[in-house]
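Accompanying notes for the structure given below.
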Amino acid sequence: MWGSTGAVQTGAPAAVELLLACLQFLRHELLLFASFWFILGALDELAIDGLWVVLRLAGKAKDGTIRQDEETRPLMGRAAILVPAWQESEVIGLMIAHTLRVWPQDDLTLFVGCYRNDPGTVAAAKKGTGGDRRVRLVIHEKAGPTTKADCLNRLYAALTEEETRSGSQFRTVTLHDAEDMVHPAALGLIDRALAEVDFVQLPVRPEPQPRSPWVAGHYSDEFTEAHAKALVVRNALGAGIPAAGVGCGFSRAALARLASRSAGGPFAADSLTEDYELGLLVSREGKSRFLRVRDHLGELVATRAYFPGRLEESVRQKARWIHGIAFQGWDRMGWSGRVIEIWMALRDRRGPLTAIVLAAAYTLLLIETALAICARLGWHVADATDPLLEAMLAISFASFAWRALFRFGFTAREYGLGEGVRAVLRIPVANVIAILAGRRAISAYVHSLRGGEVGWDKTRHSDHPTSGAYGTVGR
């Protein structure tokens, strides 16, 4: 007997017996480790699920609706849209043209930030404007890329210069990316919501891509559940709402307060997730809101976009998110004194731990495979009964089934039954990406601790939802 994990039956060479005993011991310890954290994570998610169900039964988690005549009604004041762009020549023109078409309000000004050493993006942006006077093309005086936050700060400076020149101040500031496709009703919703709060976030809706149903598809599953459940609960609890960087609006006064504390502007130039950080900072000092609304056709008022369809690009993007939210978030923002905010911060920053636990679980699969091969060769392993471990495994499997059911339900509701089924099948894909991204994020964080500079590790975009690459999307 090796400890309490089992015994290797005779008949195998001594070296094989020792190897099997080591594998059995490692298997037992990894099962305990993974099961413990799976159960803890399951309790966390179960709490969110339970709160969402209560809100749903009370009618407080249902999507709102707006009439068609409300979608493009006049704004309550001037609205600025900030769009940073570096090497986005393939999508920026389509983004600008579509935004100007579906947002016809005269009080809109679109600030597009480009770099002097990126002529392709500059040319595409100019073409997309179509001569519309509501666009301000801002060329950064520095060679690109700097950081996304630095580009946003340059756009903010251009915004203040515009206010000085015109003698009229903007009332709202909304952030978008070069690959976004906006909803016709989004600007009006943000405008009205900012009459009551300092920050508002609309949902993000990743568009399915037939050429990448697995890697790109898993974004649909994760964003749909997060933006239909987790953020709905967070909003109802009064916790701070993180900004997604797109479809998020800020009151001009809130940004001015943050800008007054730094010479560079309101955006943290040394942060990889300046948008996430900005949303929470505004929430700490004012009111924030997550807003889910459907238009007269039943479509979700959300920002649509194509997310990375290749494994390497997806890992890079998610590593940046983990690095910025989990590591930099801890360093830069610390911990709030409110219990609810501590809970939400723990959820936001669990990426590295999730990667480690998932890696342990997949290592277990390799060990089980090795033990099964040995068993086929006649080198059997007799397992000792461990009631605690068996109970933990049973709970872990039950929680996985529960999570898969919720993943299916939310994805199927937004994308159809076929995508709902694929959402369950995509869970291993999402897990592998999480493991690889966690490893990359830890490495990047260690590099930064050694003095490495933070750069704009951006995602390349080659298609826009309006381009017809995957069919017509939106209106």
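The values are calculated or read from the model by the stated rules, or taken from the named source; none is laboratory data. In this text the structure is predicted, and so the values were computed from the model without any measurement. Don't worry about glycine lacking a Cβ; one is built from the backbone with ideal geometry, like all the others, and counts go over all protein chains shown. Note: areas computed on protein heavy atoms with side chains; ligands, DNA, RNA excluded. Shrake-Rupley method; radii C 1.70, N 1.55, O 1.52, S 1.80 Å.
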Farthest towards the positive end of the dipole of region 32-175, among V122, P84, G59 and with Cβ unit charges of +1 on Lys and Arg and -1 on Asp and Glu, lies the Cα of V122
Relative contact order in percent for the chain (Cα pairs under 8 Å, 6+ apart) equals 22
Out of all DSSP beta bridges in region 164-323, what portion is antiparallel? Express it as a percent rounded to 5.
60
Trypsin sites (Lys or Arg not before Pro) restricted to DSSP loop in region 20-124 with at most 16 other C-beta within 10 Å
K60, K62, R67, R116
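Evaluate the charge dipole of the chain about its Cα centre and quote only its size in Debye, nearest 20, assuming +1 on the Cβ of each Lys and Arg and -1 on the Cβ of each Asp and Glu. Don't skip to the end; give the middle numbers.
On the way: 54 positive and 51 negative charges, 142 e Å.
Taking the Cα centre of the chain as origin, the dipole is about 680 debye.
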Could you work out how far helix 274-285 tilts from the main Cα principal axis of the chain, as a 0 to 90 degree angle to the nearest 10?
80
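Sort D106, D348, D180 by accessible area with a 1.4 Å probe, largest first.
Values: D106 135, D348 45, D180 5 Å².
Largest accessible area first, the residues go D106, D348, D180.
Let's test the formula: R0 of 45 Å, r as the Cβ-Cβ distance of A195 and I342. What FRET efficiency results, to the nearest 0.05? The partial results should precede the final answer.
Values: r = 31 Å, r/R0 = 0.68.
E between A195 and I342, to the nearest 0.05, is 0.90.
For the chain, report the accessible area per residue in Å² (1.4 Å probe, heavy atoms, rounded to an integer). Numbers along the way, then the final one.
Working: 21190 Å² over 475 residues.
Per-residue value: 45 Å².
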Given H placed on each backbone N at 1.01 Å, which residues far from R292 in sequence or on other chains put an amide H within less than 5 Å of it?
G64
Mind checking which lysines have their C-alpha under 26 Å from K62, skipping anything on the same chain fewer than 8 residues away?
K229, K287
In the chain, what % of DSSP beta bridges are antiparallel (nearest 5)?
35
Relative contact order, percent, of region 200-259 when contacts are C-alpha pairs under 8 Å separated by at least 6 residues?
45
Within 10 Å of each candidate Cβ there may be at most 15 other Cβ atoms; applying that plus a DSSP loop requirement, which trypsin sites (Lys or Arg not before Pro) in region 321-429 survive?
R338
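Sort 222-229, 458-465 by the packing proxy (mean of other Cβ within 10 Å over each peptide's residues), most packed first.
Per-residue mean Cβ counts within 10 Å order the peptides as 222-229, 458-465.
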Rounding to the nearest 10 and keeping the result within 0 to 90°, find how far the Cα-based axis of helix 119-129 lies from the longest principal axis of the chain.
60
So how far, in whole Å, is the C-alpha centre of region 295-315 from the one of region 42-101?
11
Round to a whole number: what % of the accessible area of the chain belongs to carbon and sulfur, probe 1.4 Å?
60
With a point put 7 Å past each Cα toward its Cβ, work out how far L19 is from M76 in nm, to one decimal.
7.1
Which of A21, L417, S35 sits farthest toward the positive end of the charge dipole of the chain, with +1 on the Cβ of Lys and Arg and -1 on the Cβ of Asp and Glu?
L417
